[in-house]
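Shown next, in structure tokens, is the structure this report addresses.
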Amino acid sequence: METKVKQNRRTTAKPKSQVQKRTAKTIVNPQVQDLDIGKVKPDPGQPRKTIKEDSLKELSKSISAYGVLQPITVRKSTKGYIIVMGERRYRASILAGKKTIPSIVREFENNDVLEIQIIENLQREDVEPIEEAEAIVYLSKKHSPSEIPKRLGRGDNFVRQRLKLAGLIEGFKHFVRSGEMTISLGVAVALFEPEEQQMMLENLNDDFNVNQVKRMIDNQTYDLAKAPFDLEDKKLIAHVGVCSLCPFNAANQGNLFGDDKHICTKSSCYESKKLKSFFNLMERAKTENLLLIPNIRKYWAEHENNQLIISQMEKQGFTVYLLDDVETIEKPVKPTIEAIKEEWAFDDPTKEEIQEEFDAEMDSYNEELVEYDTAEENGFVKGVLFYTESYTHKTLMVKIKVKSDGSSDVGSLPIEKRKMEDCSPDEQIIKINDRENRKKHIENNKQFEEVVKMIRETNYIDSKKTLSVDEMVAFSISLYENNMHYLDRTKYFKDFFGDTSKLSRIELFEKFRKNFKKETFHKLIRYILTKNVHFGEANHTNNMVNISFYNAMQAYHKTRIEKIEKFYAEKRNVREERLKERIAVLQKQVKALSA
């Protein structure tokens with residue numbers, strides 16, 4: 001009977017449309033008739049183009065067994081009858097070898113037939129998305145956008161998405177039909193003009209690649225939540241208007257990107273507003289006497305985009321100070337317990353550790369706040385830092401760096417970027433020493449890599465010798481540096497290295513090696529043991545790491561462990577007794593049923 005139900009469901013899954021209700025008044029002969037199947041023909045103008053062969057065969061088997069449960073709807077023609085609704089049932093009946101088919105003969109107004117066929121098709125559950133899109137476009141020529149969802153029994157967003165999907169060029173429609181491209185991705189591509197879609201298609205070289213399409217969309221769309229301008233500013237570019245009402249804002253075309261995201265799909269407009277916001281910022285800097293600093297380092301000053309920013313500022317009469325030319329002080333952000341919890345969530349810190357970190361950050365915050373509040377007394381002025389990539393900006397305090405002769409250091413290249421002949425003798429000495437230090441660093445890297453590779457190829461790992469003190473030192477530092485986060489370092493190993501402020505790395509190591517105690521090594525091992533256990537589904541009965549840890553701890557906390565074990569054993573015993581009683585009752589019921 002399952003196949004029988006499925007046959008009925010095809011025509012009853014969706015509500016009847018208003019068009020069907022209206023045309024019901026024009027019925028001439030509503031009785032069901034068994035028409036000669038040879039006199040019934042499909043409508044050549046039927047909007048449905050695809051019928052799956054597998055489902056057609058399945059329906060044919062159902063019709064062979066139970067007959068056509070839902071009559072088809074036809075209209076008279078000069079040579080017989082033309083199907084209005086039910087072509088799939090008609091084809092399945094032919095496959096089943098039926099000579100007649102139950103039908104309802106109706107008369108329709110000329111403009112109603114195609115619309116009814118479209119709506120009937122759209123109310124099915126297996127409609128191909130492009131067919132849906134093209135059908136809804138047809139309906140949109142006759143009805144308002146608010147009327148179509150009512151006629152179809154579908155949501156507004158469904159209709160908007162399908163209308164957008166119809167805007168795909170044929171090449172991308174092919175990918176949707178084949179199932180390679182999802183509807184949501186197709187809608188995202190359809191947001192662009194046909195010429196832009198064609199360029200995207202040509203970049204694919206006829207081989208569909210989801211990630212490549214997504215990258216192209218990302219490169220041509222803009223998240224308005226990150227826009228450097230006010231989305232509601234009517235005067236920014238007057239003839240364009242506000243972004244919240246713009247038709248190129250994806251949020252105004254339905255929930256196309258999910259979560260009602262405001263995405264701009266008109267790159268030329270976005271770039272124009274972005275540039276205008278920069279000109280407005282320069283005007284503000286002049287009016288309020290702010291020092292405007294682009295976030296450009298001297299070694300990136302020749303970059304094309306940075307040169308554009310610099311030239312625009314110079315045209316507006318600004319002396320351009322780069323980041324290397326100034327000192328900046330930002331207003332500090334007050335720390336919160338919630339922010340610290342989020343930052344350290346991965347390390348699962350205790351309340352005490354969080355409070356300790358909060359206190360430390362509050363101390364730093366108070367120091368930075370004093371520095372910011374007294375900045376003007378120390379020669380700083382109000383300024384704006386302008387980000388050349390996003391065109392966003394933030395206010396801060398700025399001071400121009402001054403050389404010993406009293407001149408500013410504006411426009412000068414750092415020593416490492418200058419040619420040797422352009423440097424003074426003392427600067428040349430600095431460059432020579434810097435180069436030699438760099439060469440030593442590179443040589444040390446190669447030397448170390450060669451030694452490590454050589455050792456890995458020997459039988460060092462298989463050595464049966466007891467660990468030497470130097471190996472314990474090496475392992476201790478490796479554990480400390482690679483496996484321990486800041487909070488645990490301050491909690492358990494506050495004096496691990498001691499005072500490090502005036503020691504080089506080599507000197508620090510020698511000091512640690514000289515004062516090393518095996519107790520330090522053992523403490524680190526025990527720290528790692530407590531941190532490397534697993535929680536969740538892994539426990540002391542089903543995980544080797546946890547089993548071995550649980551066993552090792554017996555020598556230290558046997559009594560306390562037994563107390564915990566006793567608590568859970570009693571809890572388990574109570575539960576198991578209840579289960580025994582329940583199972584005994586069920587077993588009696590089983591016995592009674594089998595008697």
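The values are calculated or read from the model by the stated rules, or taken from the named source; none is laboratory data. The structure displayed is predicted, hence computed values, not measured ones. Heads up, the Cβs are rebuilt from the backbone with ideal geometry, glycines too, and the neighbour counts pull from every protein chain shown. Protein only, heavy atoms only, side chains kept; ligands, DNA and RNA dropped before computing areas. Shrake-Rupley method; radii C 1.70, N 1.55, O 1.52, S 1.80 Å.
List of remarks:
- Counting the residues of the stretch 270-308 that are open to solvent by less than 10 Å² (accessible area, probe 1.4 Å) and of a type in the set (V, I, T) gives 2.
- Cβ-Cβ distances below 8 Å connect the following pairs, each with a first residue in the stretch 87-101 that is of a type in the set (D, E, K, R), a second residue that is assigned to a strand (DSSP E or B), and a separation of six or more residues or different chains: E87/I72; R89/I72; R89/I101; K99/D36.
- The helices (runs of 4 or more DSSP H) found entirely in the stretch 180-237 that carry 3 or more residues being closer than 24 Å to E128 by Cβ and small (G, A, S) are 183-190.
- Unmet requirement for I217, which otherwise passes all of (1) open to solvent by 20 Å² or more (accessible area, probe 1.4 Å); (2) β-branched (V, I, T); (3) modelled with pLDDT under 85: (1)
- Of everything listed in (1) assigned to a loop (DSSP other than H, G, I, E, B); (2) out of contact with any helix residue (DSSP H, G or I) (no Cβ under 9 Å at 6 or more places or on another chain), the single unmet condition for V533 is (2).
- Residue satisfying all of: in the stretch 76-90; at negative phi and surrounded by fewer than 17 Cβ atoms within 10 Å (Cβ to Cβ); modelled with the lowest pLDDT among these: T78
- Qualifying residue in the stretch 100-108 (condition: crowded, with 20+ Cβ neighbours inside 10 Å, at pLDDT below 80, at negative phi and not aromatic (F, W, Y)): yes
- Yes/no for I329 being closer than 29 Å to E371 by Cβ, in contact (Cβ under 8 Å) with a residue 60 or more places away in the chain and within 31 Å of the chain's Cα centre (by Cα): no
- Test: residue in the stretch 550-566 that is open to solvent by 90 Å² or more (accessible area, probe 1.4 Å), acidic (D, E) and at negative phi: no
- When the stretch 313-334 is filtered for residues that are farther than 17 Å from A285 by Cα and touching a Leu at 6+ places or on another chain (Cβ under 6 Å), the ones remaining, listed by number, are E330, P332.
- Residue pairs whose Cβ atoms lie under 7 Å apart, sitting 6 or more positions apart in sequence or on different chains, and linking a residue in the stretch 162-179 that is under 10 Å from A190 (Cα atoms) to a partner that is open to solvent by 30 Å² or more (accessible area, probe 1.4 Å) and of a type in the set (S, T, Y), are L163/S140.
- Residues (at pLDDT 85 or above, of a type in the set (A, V, I, L, M, F, W, C) and either within 21 Å of E343 (Cα to Cα) or open to solvent by 50 Å² or more (accessible area, probe 1.4 Å) (or both)) located in the stretch 456-503: I461, L467, V469, A474, F475
- Of the residues making up the stretch 371-392, those that are over 37 Å from the mean Cα position of the chain (by Cα) and β-branched (V, I, T) are T374, V381.
- Residue count for the stretch 521-549, restricted to those that are out of contact with any Asp or Glu (no Cβ under 9 Å at 6 or more places or on another chain), open to solvent by less than 80 Å² (accessible area, probe 1.4 Å) and of a type in the set (F, W, Y): 2
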